[in-house]
């Protein structure tokens with residue numbers, strides 16, 4: 001009886017077959033307006049999907065990592081929506097997508113953090129063994145990584161017949177002002193550098209080329225399997 005009692009009387013009457021008048025247009029006589037994206041709309045003219053997206057956007061809270069990045073790199077030109085979607089638009093490789101997601105949420109740990117957890121004996125960089133290994137140092141500022149970047153950029157310059165540059169922000173968030181075919185290389189580079197750290201090996205251009213070829217072959221197989229060759 002408890003469940004039945006919880007059902008509104010009007011609903012119970014309907015269930016039992018009694019006629020209950022329900023106004024199909026409850027907002028025609030007394031229009032109810034709601035604000036959506038800063039403008040007022042008649043509720044009767046707004047779909048439930050639009051309402052859901054509007055209410056959800058009001059509840060969305062930016063990731064804490066985003067606030068930290070904004071504090072460290074206060075650039076007004078950073079489009080976070082574009083940054084978060086980039087990896088999903090340029091690659092089908094799950095490993096690359098997951099890595100970039102973790103990178104943007106600051107849950108890729110270098111030795112500076114791992115040392116504090118007492119999981120390694122030293123916070124020093126895996127490559128140069130001199131400076132403390134922060135994520136920024138590992139992916140960009142380390143002398144060994146810097147040399148690797150120069151090799152890669154020289155190779156890309158030959159392929160494109162023009163100079164290509166990467167900044168730290170490009171490495172962390174993705175580079176957008178290059179040909180579509182080369183956008184995914186940025187993610188592969190960061191992932192490869194981090195994998196080299198985990199494997200305790202120095203980044204190498206020749207090894208990277210082999211990894212790049214293997215990744216592109218994997219992408220082709222995945223695209224063909226999923227019917228996304230056009231995207232590939």
For the stretch 86-116, which positions are closer than 16 Å to residue 65 by Cα and within 13 Å of the chain's Cα centre (by Cα)?
98, 99, 100, 101, 102, 103, 104, 105, 106, 107
Here's a check for you: in the stretch 150-165, which residue that is crowded, with 16+ Cβ neighbours inside 10 Å and at pLDDT 85 or above is nearest to residue 208 (Cα to Cα)?
152
Any residue that is part of a helix (DSSP H, G or I), modelled with pLDDT under 80, in contact with a helix residue (DSSP H, G or I) (Cβ under 8 Å, 6 or more places away or on another chain) and crowded, with 19+ Cβ neighbours inside 10 Å - is there at least one of those in the stretch 174-184?
yes
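For residue 147, are the conditions met, namely being in contact with a helix residue (DSSP H, G or I) (Cβ under 8 Å, 6 or more places away or on another chain) and in a helix (DSSP H, G or I)?
In short, no.
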Condition met for residue 105 (under 16 Å from residue 83 (Cβ atoms), without any contact (Cβ under 8 Å) to a residue 60 or more places away in the chain and either in the same structural domain as residue 81 (by TED's automatic domain parsing) or surrounded by fewer than 17 Cβ atoms within 10 Å (Cβ to Cβ) (or both)):
yes
Selection from the stretch 117-131 of residues that are within 27 Å of the chain's Cα centre (by Cα) and surrounded by fewer than 19 Cβ atoms within 10 Å (Cβ to Cβ):
117
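The values are calculated or read from the model by the stated rules, or taken from the named source; none is laboratory data. The model shown is predicted, which means the values in this text are computed figures rather than measured ones. We place every Cβ from the backbone using ideal geometry, glycine too, and count neighbours over all the protein chains shown.
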